[in-house]
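Down below is the structure, laid out as structure tokens.
The values are calculated or read from the model by the stated rules, or taken from the named source; none is laboratory data. These numbers were taken from a predicted model, which means no experiment stands behind them. As a convention, Cβ positions derive from the backbone with ideal geometry for all residues, glycine included, and neighbour counts pool all protein chains shown. For the accessible areas, the whole protein counts, side chains as well, though only heavy atoms, and no ligand, DNA or RNA atoms are used. Shrake-Rupley method; radii C 1.70, N 1.55, O 1.52, S 1.80 Å.
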Amino acid sequence: MGKLNTNSNAYIFIYSAILVVVVAFLLAFVFQILKPLQDANVALDVKKQILYSLNIRGLDGQEAEQKYSEVVKTEVEKDGVKYYACNVDGQTKYVFPLKGFGLWGGISGFVSVNDDLNTIFGAYFNHESETAGLGAEIKDSQAWQEKFQGKKVLDESGNAAIAVVKKVENPASEVDCVTGATLTSNGVSDMLREGLVKGVKLLQSSASETTEE
């Protein structure tokens, strides 16, 4: 049997192919092992964001899990709208998940409203890749998120009123944009006026139908 030529193209090709297969197998194995933990972390993060929108912050993982189970009563999806019915200190709140686009990528959030189905109780926003110190402030600045508390979603005529603007003219429903992040702020405004308004109107309609019955 001749000596194996480790410098031949065939040897290099076969060796590389085997190496690729082994590495791919190991990566797939590690992914499968870690996936349940990753899924659990993602689920916990979503629960924390929902709690943030209810002005419940500063909880570790176990505390957040326990508080979530106490506060969130039902998860509902109806006519393309998803929301969470919650109870905070004996008061009913509704949390709506929102998705939109910022300057560099997707943005999202959770906004809670009071049982009058028009007044914002709390808000939390997130992003995928906004600029630190600018667009990223929608997530990093709790003070900015708190500006949404008490704002009206709809005006007296039932039209969309909530907005993020450069200059606030109607403090009852408008929040000033993040300095230096106009496009990201516009993205937040758009997803509020689309997702939140749609959700609030759906619940108002459902409540009206229940009252008539």
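Of note:
- Candidates N55, N118 - the one that is of a type outside the set (A, V, I, L, M, F, W, C), closer than 30 Å to T182 by Cβ and open to solvent by less than 60 Å² (accessible area, probe 1.4 Å): N118
- Some residue of the stretch 98-110 being under 22 Å from I162 (Cβ atoms), among the β-branched types (V, I, T) and in contact with a Lys or Arg (Cβ under 7 Å, 6 or more places away or on another chain): no
- When restricted to residues that are more than 22 Å from T182 (Cα to Cα) and surrounded by fewer than 23 Cβ atoms within 10 Å (Cβ to Cβ), the stretch 105-115 contains 2.
- Residue within the stretch 148-167 that is more than 21 Å from K198 (Cα to Cα), charged (D, E, K, R), free of Cβ contacts under 8 Å to residues at least 60 places away in the same chain and open to solvent by less than 30 Å² (accessible area, probe 1.4 Å) present: no
- Conditions (1) within 18 Å of S112 (Cα to Cα); (2) modelled with pLDDT of 95 or more; (3) of a type in the set (D, E, K, R): number failed by E194: (2)
- Contact annotation: residue pairs with Cβ atoms under 8 Å, 6 or more positions apart or on different chains, pairing a residue in the stretch 56-72 that is touching a residue at least 60 places away in the same chain (Cβ under 8 Å) and under 16 Å from F121 (Cβ atoms) with a partner that is part of a helix (DSSP H, G or I) and open to solvent by 50 Å² or more (accessible area, probe 1.4 Å), are R57/Q142.
- Scanning the stretch 24-80 for residues that are modelled with pLDDT of 95 or more and of a type in the set (K, R) turns up K47, K48, R57, K67, K73.
- Residue ID - modelled with the lowest pLDDT, chosen from residues in the stretch 1-18 that are open to solvent by less than 90 Å² (accessible area, probe 1.4 Å) and either touching a helix residue (DSSP H, G or I) at 6+ places or on another chain (Cβ under 7 Å) or part of a helix (DSSP H, G or I) (or both): N5
- Residue list for the stretch 163-213, filter: more than 22 Å from G133 (Cα to Cα) and among the polar types (S, T, N, Q): N170, S173, Q204, S205, S206, S208, T210, T211
- Of all residues in the stretch 81-104 being outside any strand (DSSP E or B) and either touching a helix residue (DSSP H, G or I) at 6+ places or on another chain (Cβ under 9 Å) or at pLDDT below 95 (or both), the one that is surrounded by the fewest Cβ atoms within 10 Å (Cβ to Cβ): W104
- Within the stretch 22-40, being over 33 Å from the mean Cα position of the chain (by Cα) and open to solvent by less than 100 Å² (accessible area, probe 1.4 Å) holds for V22, V23.
- Taking the conditions (1) in contact with a Cys (Cβ under 7 Å, 6 or more places away or on another chain); (2) open to solvent by 60 Å² or more (accessible area, probe 1.4 Å) in turn, S185 satisfies each one other than (2).
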